[in-house]
Amino acid sequence: MDTLKSEISATAARLVVEEGLEFGPAKRRAVKQLGLPTRTPLPGNDEVEDAVEDYLSVYCSDTQAGELMALRRLALVWMERMAAFRPYLGGAVWHGTATHFSDIYIQLFCDDSKSAEISLIDHQVNYVARTVKGFKGESVEALSVHAFCPELMEDVGVHLLIYDRDDVRGALKPDAKGRAPRGDIQAVRRLLHDDPT
């Protein structure tokens, strides 16, 4: 990776960890903070993720593991609540780079796109419906809630992304590093069980 992309990755990584930004916005803000032209070629997400891991190991090694486990436990609570909709955990909480600034992203694979929303209404859960970029780059509906995390003593954003049931096949293809890009309830339970914290 060239020096300029390395510098953008390092700056973006700091923004991801310290402000909870997603990779895309972090890269764009990094370009702006570094005073570079807006058309500067950006590093890939894998490069930024590597920089995030480096940043965490240097600046957050004493706190990040506990914060990650707290977020994974909260994610599991929401996955169990939404079990009827085939939930999969993705993002930084799944990949292990989350801090207390990170939100939780859960993809739901539904027979009926409105059924998850109806479930939240039935359980009197306040949420905001919005449209976000999905894992294939398409627009998908997301139901966003604020959930209190007792271990972190703060609210955490939980985003339930709504997909058609058949989309699950494409969702499980390994990423560029050969890893599962998301995990179901059993996979998250294994992560929590296998972690020594």
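The values are calculated or read from the model by the stated rules, or taken from the named source; none is laboratory data. Quantities reported herein were computed from a predicted structural model and do not represent experimental measurements. Don't worry about glycine lacking a Cβ; one is built from the backbone with ideal geometry, like all the others, and counts go over all protein chains shown.
Things worth noting here:
- Test result for Gly137, surrounded by fewer than 17 Cβ atoms within 10 Å (Cβ to Cβ) and in contact (Cβ under 8 Å) with a residue 60 or more places away in the chain: no
- In region 137-154, the residues that are aliphatic (A, V, I, L, M) and part of a strand (DSSP E or B): Val140, Ala142, Leu143, Val145, Ala147
- Criterion applied to Val145, Val188 was being hydrophobic (A, V, I, L, M, F, W, C), within 25 Å of Val128 (Cα to Cα) and assigned by TED's automatic domain parsing to the domain that holds Phe85, and the one residue passing it is Val145.
- Scanning region 55-70 for residues that are acidic (Asp, Glu) and loosely packed, with under 13 Cβ neighbours inside 10 Å yields a count of 1.
- Within region 19-39, considering residues that are within 15 Å of the chain's Cα centre (by Cα) and part of a helix (DSSP H, G or I), the one surrounded by the most Cβ atoms within 10 Å (Cβ to Cβ): Ala26
- A count restricted to region 108-131 and to residues that are in contact (Cβ under 8 Å) with a residue 12 or more places away in the chain, touching an Asp or Glu at 6+ places or on another chain (Cβ under 8 Å) and assigned to a strand (DSSP E or B) stands at 4.
- Within region 155-193, the set of residues being part of a loop (DSSP other than H, G, I, E, B), of a type in the set (D, E, K, R) and under 20 Å from Thr99 (Cα atoms) comprises just one member, Arg182.
- Residue in region 40-90 that is nearest to the chain's Cα centre (by Cα), counting only those that are among the hydroxyl-bearing types (Ser, Thr, Tyr) and assigned to a helix (DSSP H, G or I): Tyr55
- Against the list (1) farther than 26 Å from Arg190 by Cβ; (2) touching a residue at least 24 places away in the same chain (Cβ under 8 Å); (3) aliphatic (A, V, I, L, M), the condition Ile104 fails is (1).
- Identity of the residue in region 175-196, at negative phi and loosely packed, with under 10 Cβ neighbours inside 10 Å, that ends up nearest to the chain's Cα centre (by Cα): Gln186
- Residues in region 109-148 that are among the hydrophobic types (A, V, I, L, M, F, W, C), under 26 Å from Thr99 (Cβ atoms) and more than 16 Å from the chain's Cα centre (by Cα): Val125, Val128, Phe148.
- The condition of being in the same structural domain as Lys177 (by TED's automatic domain parsing), in contact with an Asp or Glu (Cβ under 8 Å, 6 or more places away or on another chain) and within 18 Å of Asp103 (Cβ to Cβ) does not hold for Ala13.
For every residue, the table says whether it meets (1) surrounded by fewer than 16 Cβ atoms within 10 Å (Cβ to Cβ); (2) at pLDDT below 95; (3) touching a strand residue (DSSP E or B) at 6+ places or on another chain (Cβ under 8 Å); (4) closer than 27 Å to Asp164 by Cβ.
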{"residue": "Leu4", "(1), (2), (3), (4)": "yes, yes, no, no"}
{"residue": "Ala12", "(1), (2), (3), (4)": "no, no, no, no"}
{"residue": "Thr97", "(1), (2), (3), (4)": "no, yes, no, no"}
{"residue": "Leu108", "(1), (2), (3), (4)": "no, no, yes, yes"}
{"residue": "Asp112", "(1), (2), (3), (4)": "yes, yes, no, yes"}
